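> First, the structure itself, so that you have it in front of you.
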Amino acid sequence: MLKAMRASQTLIPTLKETPAEAEVASHVLLLRAGFIRRVAGGLYTWLPLGLRVMRKIEAIVREELARFGAQEIQMPVVQPADLWRESGRWDVMGPELMRMRDRHERDYAMGPTHEEVVTDLVRRTVDSYKQIPLNVYQMHTKFRDEIRPRFGLLRAREFLMKDGYSFHLDEASLDRTYRDMYDAYTAILKRIGVDFRVVEADAGTIGDGESHEFQVLAESGEDLMAYCPNSGYAANVEKARALAPEPSDERPDSLGKVATPGARTIADIAALLRVDPARCIKTLIVRGAEGPWIALVLRGDHELNETKAARLPPVAAPVTFADDAEVEAATGCPIGSIGPVGLELPVYVDRSAAAAANCVCGANEEGFHLTGVNWSRDFADAEVVDIRNVTEGDLSPDGCGELAFARGIEVGHIFKLGDKYSVPMRLTLQDGAGVETALIMGCYGFGISRLVAAVAEQCHDDDGIVWPASIAPFNVHILALDYANPDVAAAADSLYDACIDAGMDVLFDDRDERPGVKFAESDLLGIPHRITVGARSLARGLVEYKRRADTERVLLTPAEAVSRIASD
RNA sequence: CGGGGCGUAGCGCAGUCUGGUAGCGCACCACACUGGGGGUGUGGUGGUCGCCGGUUCAAAUCCGGCCGCCCCGACCA
């Protein structure tokens with residue numbers, strides 16, 4: 001990568017106005033600062049400055065992974081369908097998997113991830129247990145045909161990801177590598193200098209084992225995390241366990257039935273009967289994995305956690321809600337008046353709803369609700385499960401305090417895969433005792449291109465991006481306010497050379513632009529250190545130094561400015 | 001895929017309701033002034049009005065279909 005560039009000879013197409021296509025800060029700023037350009041939905045071209053940021057992240061990732069013995073390889077984007085059929089994912093993956101056919105009518109996938117290819121590699125190349133554990137990774141373009149690409153680079157269809165895979169004979173070995181990758185990701189994000197949080201995560205369809213996400217904190221993040229300020233507990237809300245509440249010691253009232261004409265929602269019922277929504281019970285009808293329909297019961301003030309619900313074996317994954325007609329067909333009663341008491345469907349009740357006393361719920365008769373409803377007496381057949389989202393203020397699962405919420409952008413995700421791929425793809429080795437054993441695997445993803453946007457999302461102000469020095473496209477931005485002035489040009493040129501000699505990455509704005517343009521664009525680009533060379537202060541032999549993150553400006557000699565930056 | 005919004009010059013927009021010469025700001029080119037926070041003036045360049053079809057003497061404008069983009073939802077190793 002070139003250390004130094006002149007702005008007059010570099011493609012930096014800045015925009016004064018926000019393009020209509022962009023909404024979120026990172027997308028707006030990366031477009032305006034000339035880092036990226038959109039080609040089509042979810043597809044972007046990386047321009048020189050954007051690419052420099054991405055390359056710097058790559059370099060940091062490589063260095064940190066090398067410390068833990070991970071080996072870099074590169075696998076093809078285009079992958080034969082046969083491998084995907086072997087793992088079973090050819091049929092399981094939906095349209096998100098981009099499929100294509102070659103001239104011989106053979107099927108291929110555009111790799112969204114590389115478990116199949118890497119598993120195939122290892123079974124062909126590793127002959128003895130003495131060659132493992134093995135930890136390999138690549139940094140490569142991934143393709144996922146997202147339903148809705150959005151937020152610029154944050155949810156693109158084609159993106160750069162570091163994906164790593166490890167292979168082990170036993171859990172203890174997998175645990176060690178998993179921990180190493182956990183530590184490596186932590187080191188990478190610390191070194192880059194973003195605020196982040198590591199949270200327990202749901203492994204989704206990729207595995208059933210332990211899993212952690214690395215979330216860059218940002219208000220605009222798509223992920224919601226629950227954490228306990230008093231302890232280390234932190235989990236994606238998808239995953240965060242809701243504790244079982246103490247059962248109520250209230251005496252159960254007798255069941256009553258009241259007319260509730262026209263009331264359809266919990267809010268309607270709570271207002272009409274003047275009860276707390278926490279004393280209302282809602283019943284959701286979802287598609288069953290085999291049978292027709294399943295009822296899920298929650299307290300009125302709680303939300304269904306679809307990830308948890310989808311993990312109930314009788315519930316079809318992903319969770320699919322019955323529509324109005326299907327509810328009526330399944331229960332004989334329209335949405336708004338259904339309830340768990342006497343319902344002729346399998347019923348699962350959330351722990352909190354089961355613990356609530358004397359509740360209101362639908363009577364399974366249009367326009368009527370029951371009062372004084374108690375799980376233990378009135379629908380005790382229902383199995384008690386954890387299927388709700390935790391809420392702010394809930395007791396932390398470790399009992400150390402109350403949960404608080406934060407939003408984040410997922411930039412890393414590590415999984416223990418177990419034998420999910422090694423068994424169907426017959427990846428086995430003889431262990432030391434000569435017993436043929438399926439290997440177990442770990443998988444470690446890190447979104448390089450997404451991190452570029454996540455950092456911009458977190459590190460910006462009203463004027464533009466404020467890059468951390470670790471990944472800024474350049475470290476120093478020299479502005480020659482009037483390059484046509486021979487004195488300014490001479491001073492700026494020699495300052496430029498001095499920065500190069502000092503080993504700095506420097507962008508030199510030598511263009512014939514007005515000062516205001518140069519200042520505004522400099523703020524937009526977000527290079528950490530700015531040195532302004534103008535005729536006015538140069539008359540006293542001085543230049544102006546300013547950090548992008550600060551408001552303070554100081555006048556220094558050129559040599560002082562360089563050493564100031566060098567010692568930063 | 002469901003709901004909403006949008007598509008007119010490289011970018012940001014007006015004009016569409018009520019059919020009749022395609023406009024404004026920025027950018028770009030030339031010249032002059034200016035020169036420490038997106039400067040001023042004068043003169044220019046640049047548009048199949050997303051695409052296809054229909055109605056009409058006449059369509060950016062009305063009608064039908066399609067495509068694309070953005071937002072919300074669903075979805076998401």
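> In units of 2.2 N^0.38 Å, what is the alpha-carbon radius of gyration of segment A:411-566?
For segment A:411-566, the normalised Cα radius of gyration is 1.67.
> Which whole-Hz ³J(HN,Hα) couplings does segment A:456-473 yield from phi under the Karplus relation 6.51 cos²θ - 1.76 cosθ + 1.60, θ = phi - 60°, glycine and proline marked x?
Computed from phi, the couplings for segment A:456-473 are 4, 5, 7, 10, 7, 10, 5, 9, x, 7, 10, 5, x, 4, 4, 10, 4, x Hz.
> Assuming 0.36 nm per residue, please report the length gained on full extension of the stretch A:Arg55 to A:Ala535 beyond their Cα-Cα distance.
169.2 nm
> Kindly state, to the nearest 0.05, the FRET efficiency for A:Asp497 paired with A:Ala244, given R0 = 56 Å and r defined as their beta-carbon distance.
Calculated transfer efficiency: 0.20.
> Determine the relative contact order of chain A: mean sequence separation of Cα pairs under 8 Å and six or more apart, normalised by residue count, in whole percent.
17
> Something else now. Multiply the residue separation of A:Arg150 and A:Ile132 by 0.36 nm, subtract the distance between their alpha-carbon atoms, and state the gained length in nm to one decimal.
So the extension gain works out to 2.5 nm.
> Suppose we look only past 13 Å in the calculated P(r) of segment A:124-170. What percent of the Cα-Cα pairs does that tail hold?
So the pairs more than 13 Å apart make up 67 percent of the total in segment A:124-170.
> If you don't mind, there's one more thing I want to ask. A 27 angstrom limit on the alpha carbon distance is what I want to check against. Which of A:Lys282/A:Lys416; A:Lys142/A:Lys518; A:Lys142/A:Lys190; A:Lys282/A:Lys420; A:Lys162/A:Lys546; A:Lys190/A:Lys308 exceed it?
Flagged as over cut-off: A:Lys282/A:Lys416; A:Lys142/A:Lys518; A:Lys282/A:Lys420; A:Lys162/A:Lys546; A:Lys190/A:Lys308.
> Additional query: Given labels modelled 7 Å from the Cα in the Cβ direction, how far is it in nm from A:Leu2 to A:Glu326?
With each label point 7 Å from Cα toward Cβ, the separation is 5.8 nm.
> Also: Determine how many Å³ per residue the convex hull of the Cα atoms of segment A:145-221 encloses.
On the way: hull volume 10.1 nm³, N = 77.
Looking at segment A:145-221, the number lands at 132 Å³ per residue.
> Please list log₁₀ I(q)/I(0) at q = 0.15, 0.17, 0.22 Å⁻¹ for segment A:363-438, using the Debye equation with identical point scatterers on the alpha-carbon positions.
-0.90, -0.94, -1.12
> Let me ask something else. How charged is the neighbourhood of A:Thr437? Take every other residue with its Cβ under 9 Å from the Cβ of A:Thr437, and add Lys/Arg as +1 and Asp/Glu as -1.
That works out to -3.
> A follow-up question, please. Which value, in Å², gives the accessible area per residue of chain A when a 1.4 Å probe is used on the protein heavy atoms?
Heavy-atom SASA per residue in chain A reads 45 Å².
> Where Lys and Arg each count +1 and Asp and Glu each count -1, what net charge lies around A:Ala480 among other residues with Cβ under 11 Å from its Cβ?
Net local charge, A:Ala480 excluded: -4.
> Same structure again: Quick check: residue separation of A:Asp398 and A:Asp183 times 0.36 nm, minus the Cα distance between them. What number comes out in nm?
Here the answer is 75.1 nm.
> Return the calculated 222 nm mean residue ellipticity for chain A, to the nearest 500 deg cm²/dmol, obtained by summing -39500 (n - 2.57) across DSSP H runs with n ≥ 4 and dividing by the residue count.
-8000 deg cm²/dmol
> Show the residues, 5+ positions off or on another chain, whose built amide H is closer than 5 Å to the amide H of A:Thr437.
Those qualifying (amide H under 5 Å, at least 5 residues apart or on another chain) are A:Leu429, A:Gln430, A:Asp431.
> Let me ask something else about it. In the neighborhood of A:Val517, defined by Cβ-to-Cβ distances under 12 Å, what is the net charge if each Lys or Arg adds +1 and each Asp or Glu adds -1?
Net of charged neighbours comes to -1.
> Compute the Rg to Rh ratio over segment A:73-114 from the alpha carbon atoms, using the Kirkwood formula for Rh, and round to two decimal places.
On the Cα set of segment A:73-114, Rg over Rh gives 0.95.
> A further question on this structure: Charges at C-beta only: +1 for Lys and Arg, -1 for Asp and Glu. How large is the resulting dipole of chain A about its Cα centre, in Debye rounded to 20?
Rounded to the nearest 20 debye, it is 1460 debye.
> While we're on this one: Taking only the alpha-carbon positions of chain A and ignoring solvent, what does the Debye formula give for the base-10 log of I(q)/I(0) at q = 0.09, 0.10, 0.13 Å⁻¹?
For the requested q values the scattering log ratios are -0.85, -0.97, -1.26.
> Using Cα pairs under 8 angstrom and six or more residues apart, how large is the relative contact order of segment A:303-454, in percent?
Value for segment A:303-454: 16 percent.
> Within segment A:81-147, which GluC sites (Glu not before Pro) sit in a loop by DSSP and count at most 11 neighbouring Cβ atoms inside 10 Å? Please report the intermediate quantities before stating the final value.
Working: sites: A:Glu86, A:Glu96, A:Glu105, A:Glu115, A:Glu116, A:Glu146; in loops: A:Glu96, A:Glu105, A:Glu146.
Those that pass, being in a loop and sparsely packed, are A:Glu105.
> What part of the accessible area of chain A, given as a whole %, is carbon or sulfur when the probe is 1.4 angstrom?
Within chain A, the accessible surface is 49 percent carbon and sulfur.
> Taking loop as defined by DSSP and a crowding limit of 14 other beta carbons within 10 Å, which GluC sites (Glu not before Pro) in segment A:165-249 fit? List each step's numbers first, then the result.
Details: sites: A:Glu171, A:Glu200, A:Glu210, A:Glu213, A:Glu219, A:Glu222, A:Glu238; in loops: A:Glu210, A:Glu219, A:Glu222, A:Glu238.
Answer in residue order: A:Glu219, A:Glu222.
> Another question, if that's okay. Let's test the formula: R0 of 41 Å, r as the Cβ-Cβ distance of A:Arg274 and A:Glu23. What FRET efficiency results, to the nearest 0.05?
E(calc), rounded to 0.05, equals 0.50.
> Using only Cα atoms, what Kirkwood radius does segment A:285-385 have, in angstroms?
Value: 13.6 Å, from the Cα pair sum.
> Among rounded, prolate and oblate, which fits segment A:361-501 when a ≥ b ≥ c are the square roots of the eigenvalues of its C-alpha gyration tensor, a/c under 1.5 means rounded, and a/b larger than b/c means prolate?
oblate
> Going 7 Å from the Cα of A:Val517 along its beta-carbon direction, which residues of segment A:27-51 have the amide nitrogen within less than 16 Å of the resulting point?
A:33-34
> Taking segment A:86-120, which trypsin sites (Lys or Arg not before Pro) meet the DSSP loop condition and have no more than 16 other C-beta atoms within 10 Å? Please list the in-between numbers first.
Values: sites: A:Arg89, A:Arg99, A:Arg101, A:Arg103, A:Arg106; in loops: A:Arg103, A:Arg106.
Qualifying residues, ordered by number: A:Arg103, A:Arg106.
> Also, quick follow-up: Find the centroid of the Cα atoms in segment A:60-116 and in segment A:329-401, then give the distance between the two in whole Å.
The two parts, judged by their Cα centres, are 43 Å apart.
The values are calculated or read from the model by the stated rules, or taken from the named source; none is laboratory data. The structure presented is a predicted model; accordingly, all values stated were derived computationally and were not measured. As a convention, Cβ positions derive from the backbone with ideal geometry for all residues, glycine included, and neighbour counts pool all protein chains shown. The protein model used for the area step is the full one, side chains on, heavy atoms only, and it has no ligands, DNA or RNA in it. Shrake-Rupley method; radii C 1.70, N 1.55, O 1.52, S 1.80 Å.
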